[in-house]
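Contents: one structure, followed by commentary.
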Amino acid sequence: MQRTEIKEVLNTGSFGDKVLVKGWVKAFRQNRFIQLNDGSTINNIQAVVDFENTDEAVIKRITTAAAVSLIGVLEESQGKGQKFDLIVESIEILGDADPEEVSKTILQPKKHSLEFLREQAHLRFRTNLFGAVFRIRHATSFAIHKYFNDKGYFHIATPIITGSDAEGAGEMFRVTNFDAKNPPVNEDGSVNWTEDFFGRETNLTVSGQLEAELAAMALGKVYTFGPTFRAENSNTARHLAEFWMVEPEVAFNDIVDNMDLAEDFLSYICQYVLENCADDVAFLNEREIQEDKSKPTAERNEMNLIDRLNFVINNDFARITYTEAIELLQNSAPYKKKKFKYPVEWGTDLQSEHERFLVEKHFKKPVIIRDYPASFKAFYMRLNEDGKTVAAMDILFPGIGEIIGGSQREERYDVLREKCKAFNISEEELWWYMDTRKFGTAPHAGFGLGFERMVMFTTGMSNIRDVIPFPRTPGKAEF
């Protein structure tokens, strides 16, 4: 007999159907009622065991976390909360779970802290919370690929090992096959990288953008979706050392086209998750509401998860310049009452508290800020006619702050050369990037979406470590 997933049984099954289901025992009550889940849905199926006609040795092996195979007939449930009961005709134990061992883990049926769950990341997939999170993570990923595919974009796999630093940040993980205790050295004592595997110093990438630009200048519309790495010693709820980035690049787009694309893209993802993950979103929404009840008023979410997703879908994003944003903030009540922790002045980058004020208090809709000072934006962003600002944009979301950063790229060879000098970036190192400005240069634009930031938004999780299966942070690479 062929196995049917529990999701399919619950969604399409009929009374009287005989089905084979397999899964893990969530609970076993009164030696009679099994709550079974196979990961296909957050919802369990209730199986009813005929205790008198079932081998006692088998009954003893039906414990929390055990893997079992059940054949039975679907009948109308006599209890609340489920449509079906599976009246069990045969049971096979696929994998035992020792109750004493289970009691030491997060698989025991009780509430656990997120910190404790992270310590057992190999098991946390089995909890309702993380089952929901990672099903939504999948849906968010699929929505991204579907969006770009349906619009004629080409997926480009950009290098994980690179000799360039796209951001100029310098906080990168080195890649080498040298003996750490005895690397070859030059006469001055410096490491001789020409003898390394790639014949030069290389690192794990921080972005696939520069390579994606090269592809866009031939294929027109491309996007990357791959792992990126930052060796930043940061232990905040918003930072990881290994994370995934989504980076579209589009030939002939300017900054306005870029904003239009990003707004449509984000709205699509939120709509897709709402439509395709209704049970998981509802579970996480209710969890958030209950969690908020125990928090001080100031720390509670102003909107619940479902409202925030609809907030993005149903609102046209506000669009302002950086200069207008500074003026709004300086005229705001929190600024006048000195409630902002960080200063607000032209020429400084906006902080999360400023971004959230603009989104959640002033505009009450997602916000796109454009035309930032060139002084704190990347070298590749197109210089505006005023000579002071660049055609950059950031998109701000409720509860998150910045979720997308992008720009129109500097396509003018001479201007890009001057910007490399100003940022102390070697033209020789980036000769291939500069070269594309010599052969049919054209306006183009793109942006970067931190995938885990997006999953934080679609799940409502407040710590980025809880939206990636095995988080990599300072001092943590166990699994």
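In the range 418-458, which residues are among the aromatic types (F, W, Y) and either farther than 30 Å from V281 by Cα or touching a His at 6+ places or on another chain (Cβ under 6 Å) (or both)?
F423, W431, W432, Y433, F439
Looking at the range 35-57, which of its residues are farther than 25 Å from I106 by Cβ and either open to solvent by 40 Å² or more (accessible area, probe 1.4 Å) or at pLDDT 95 or above (or both)?
V48, V49, D50, F51, E52, N53, D55, E56, A57
What number of residues within the range 80-122 are among the aromatic types (F, W, Y) and either part of a loop (DSSP other than H, G, I, E, B) or in contact (Cβ under 8 Å) with a residue 24 or more places away in the chain (or both)?
Count: 1.
Looking at E291, E249, E232, can you tell me which residue is open to solvent by 40 Å² or more (accessible area, probe 1.4 Å) and in contact with a His (Cβ under 8 Å, 6 or more places away or on another chain)?
E232
I need the full set of residues from the range 20-34 which are free of Cβ contacts under 8 Å to residues at least 60 places away in the same chain and surrounded by fewer than 19 Cβ atoms within 10 Å (Cβ to Cβ), in order please. Full working, then the answer.
Going through the range 20-34, the residues free of Cβ contacts under 8 Å to residues at least 60 places away in the same chain turn out to be 20, 23, 28-34.
The answer is L20, R29, Q30, N31, R32, F33.
So, of the residues in the range 299-322 that are in contact (Cβ under 8 Å) with a residue 24 or more places away in the chain and basic (K, R), which turns out to be least open to solvent (accessible area, probe 1.4 Å)?
Per the criteria, the residue is R308.
Would you check if there is a residue in the range 401-419 being assigned to a strand (DSSP E or B), over 18 Å from E213 (Cα atoms) and open to solvent by less than 20 Å² (accessible area, probe 1.4 Å)? Write out each step before concluding.
Quick first cut of the range 401-419, residues assigned to a strand (DSSP E or B) only: 401-409.
Remaining after also requiring over 18 Å from E213 (Cα atoms): 401-403.
If we keep only those that are open to solvent by less than 20 Å² (accessible area, probe 1.4 Å) as well, we get 401, 403.
There is at least one residue in the range 401-419 that is assigned to a strand (DSSP E or B), over 18 Å from E213 (Cα atoms) and open to solvent by less than 20 Å² (accessible area, probe 1.4 Å).
Residue-wise test of (1) over 30 Å from C420 (Cβ atoms); (2) at pLDDT below 95; (3) open to solvent by less than 90 Å² (accessible area, probe 1.4 Å).
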| position | (1), (2), (3) |
| --- | --- |
| A325 | no, no, yes |
| S332 | yes, no, yes |
| W346 | no, no, no |
| S375 | no, yes, no |
| Y380 | no, no, yes |
| L383 | no, no, yes |
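Find the residue count for the range 432-461, including only residues that are outside any helix (DSSP H, G or I) and surrounded by 16 or more Cβ atoms within 10 Å (Cβ to Cβ). Write out each step before concluding.
Within the range 432-461, the subset outside any helix (DSSP H, G or I) is 436-450, 460-461.
Add one more test, that the residue is surrounded by 16 or more Cβ atoms within 10 Å (Cβ to Cβ), and what stays is 436-437, 443-450, 460-461.
The total comes to 12.
I'd like to verify a number: residues in the range 463-476 that are surrounded by fewer than 16 Cβ atoms within 10 Å (Cβ to Cβ) and in contact (Cβ under 8 Å) with a residue 40 or more places away in the chain, how many?
Adding up the residues that qualify gives 4.
From I144, I160, I136, grab the single residue that is over 17 Å from T458 (Cα atoms) and either in contact (Cβ under 8 Å) with a residue 60 or more places away in the chain or in contact with a helix residue (DSSP H, G or I) (Cβ under 6 Å, 6 or more places away or on another chain) (or both).
Sole residue among the options that is over 17 Å from T458 (Cα atoms) and either in contact (Cβ under 8 Å) with a residue 60 or more places away in the chain or in contact with a helix residue (DSSP H, G or I) (Cβ under 6 Å, 6 or more places away or on another chain) (or both): I160.
Being in contact with a Lys or Arg (Cβ under 8 Å, 6 or more places away or on another chain) and either basic (K, R) or not in a helix (DSSP H, G or I) (or both) is the filter here; which residues of the range 2-33 pass it?
Listed by number, the residues that qualify are R3, L20, V21, K22, W24.
Which one of these does T224 not meet: (1) surrounded by 14 or more Cβ atoms within 10 Å (Cβ to Cβ); (2) farther than 29 Å from E410 by Cα?
Exception for T224: condition (2).
Please determine, by comparing only the residues of the range 224-270 that are over 13 Å from the mean Cα position of the chain (by Cα), charged (D, E, K, R) and assigned to a loop (DSSP other than H, G, I, E, B), which one is modelled with the highest pLDDT.
This residue is D254.
Given the criteria small (G, A, S) and buried (at least 20 other Cβ atoms within 10 Å of the Cβ), does G208 qualify?
yes
The values are calculated or read from the model by the stated rules, or taken from the named source; none is laboratory data. In this text the structure is predicted, and so the values were computed from the model without any measurement. Every residue, glycine as well, gets a Cβ built from its backbone with ideal geometry; the counts of neighbours run over all protein chains shown. To get the accessible areas, we keep the full protein, side chains included, count just its heavy atoms, and leave off ligands, DNA and RNA. Shrake-Rupley method; radii C 1.70, N 1.55, O 1.52, S 1.80 Å.
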